[in-house]
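Reading through the structure tokens given below for one structure.
What follows is calculated from the coordinates using simple rules that are stated; it is not laboratory data. Because the structure is a prediction, the values reported are computed rather than measured. Every residue, glycine among them, receives a Cβ derived from its backbone with ideal geometry; neighbour counts consider all protein chains shown.
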Amino acid sequence: MNKRPTALITGASRGIGRGIAEKLAKAGFDPVINYRANSEAAEEVAFACRELGASPLTIPADVAIAADRRRLIEETWEHFGRLDLLVNNAGITSPGRHDLLELTEEGWDQVFATNLKGPFFLSQLAAHKMITAVQEGVQPGGVIVNISSISAIAGSTNRADYCMAKAAMRMMTELFAVRLADEGVRVYEVCPGVIESDMTAPVREHYEARIHDGLSPIRRWGRPEDVAEVVALLATGHFSFSTGDRFFVDGGFHIRRL
């Protein structure tokens, strides 16, 4: 059995996921670096985590596929014998960014499978393992962090499926928080704003101008490490009398202004 806490981060080979994995490694966790296809990028993250003193594990899996979700949890459990933290970070944007009047069912299914169905059922699997580990005294508790988005509160008519999936993650977080409170498992939602990453690279010029014009009160791009800092605080028990809460990491974008 592993004595260090273990954190499973989905979509951890790049962007926000990579930032979270490396921050957690520095905070004393052994990270499970989940990725879908880019093994080389995942190994780069693993190397960086080892340099920080952690013993990472890389596991390829698509969270949209049930068999992959089960394997991801089982391989984590078999390797470490515990699961202290699940970070539901993997996500995709709306394919083609079509206007909502042109949105396809195929694209809808892809987005919801990865961004909502996958995290829901992965959390279900993880919760069972966390409950077992807590009851057996293997670990003191568990934490689930859902990485959502400001798109949960700010609609984009060319990403309707993405916005709706992220909005539903709010209720998912609250439901798991209520159900797992007596089991010693806390659940949170983190909503990043405009973050410098592969996902925002194609629209960088568009957001560069909007940020300069005051899209958010703090006029800069968010960085993966900004999100990682919040996840690490939640994971290390700094909010032990809190569950179901939503944390914005968006430079103040969510504040309504006249």
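Summary table
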| read-out | value |
| --- | --- |
| Distance histogram in 10 Å bins (all Cα pairs of the stretch 13-145, percent per bin) | 12, 39, 33, 12, 3, 0 |
| Percentage relative contact order, the stretch 6-247, counting C-alpha pairs under 8 Å, at least six apart | 20 |
| Cα extents of the stretch 105-258 along the three principal axes, largest first (Å) | 53, 38, 29 |
| Packing rank of 132-141, 108-117, 145-154, where each peptide gets the mean count of other beta carbons within 10 Å, highest leading | 145-154, 108-117, 132-141 |
| Whole-number Å³ per residue for the convex hull built on Cα positions in the stretch 151-223 | 117 |
| J(HN,Hα) series, the stretch 240-257, from Karplus relation 6.51 cos²θ - 1.76 cosθ + 1.60, nearest Hz, glycine and proline x | 5, 9, 9, 7, x, 7, 10, 10, 8, 10, 9, x, x, 3, 6, 6, 6, 10 |
| Quarter of Cα convex hull surface for the chain, i.e. mean projection, nm² | 13.7 |
| Long-range HN-HN contacts of Ser94 with modeled amide H, under 5 Å | Tyr162 |
| Ile211, Ile33, Ile65 arranged by Cβ crowding within 10 Å, fewest neighbours leading | Ile65, Ile211, Ile33 |
| Fewest-first sequence of Tyr207, Tyr188 by Cβ atoms within 10 Å of each Cβ | Tyr207, Tyr188 |
| Lysine pairs in the chain with Cα atoms under 26 Å, if 8 or more residues apart or on separate chains | 9 |
| MRE, 222 nm, helices only [DSSP H, n ≥ 4, -39500 (n - 2.57), over the chain, to nearest 500] | -13500 deg cm²/dmol |
| Interchain or long-range residues, amide H under 5 Å from Val249's placed H | Cys191, Gly193 |
| For the stretch 98-158 and the stretch 56-89, distance of Cα centres in Å | 14 |
| Amide proton proximity set for Asn34, modelled H, under 5 Å, gap of 5+ | Ile9, Gly11, Ala12, Ile59 |
| Calculated from backbone phi, Karplus (6.51, -1.76, 1.60) coupling profile of the stretch 210-225 in Hz, x at Gly/Pro | 5, 5, 4, 8, x, 3, 10, x, 8, 8, 7, 5, x, 10, x, 5 |
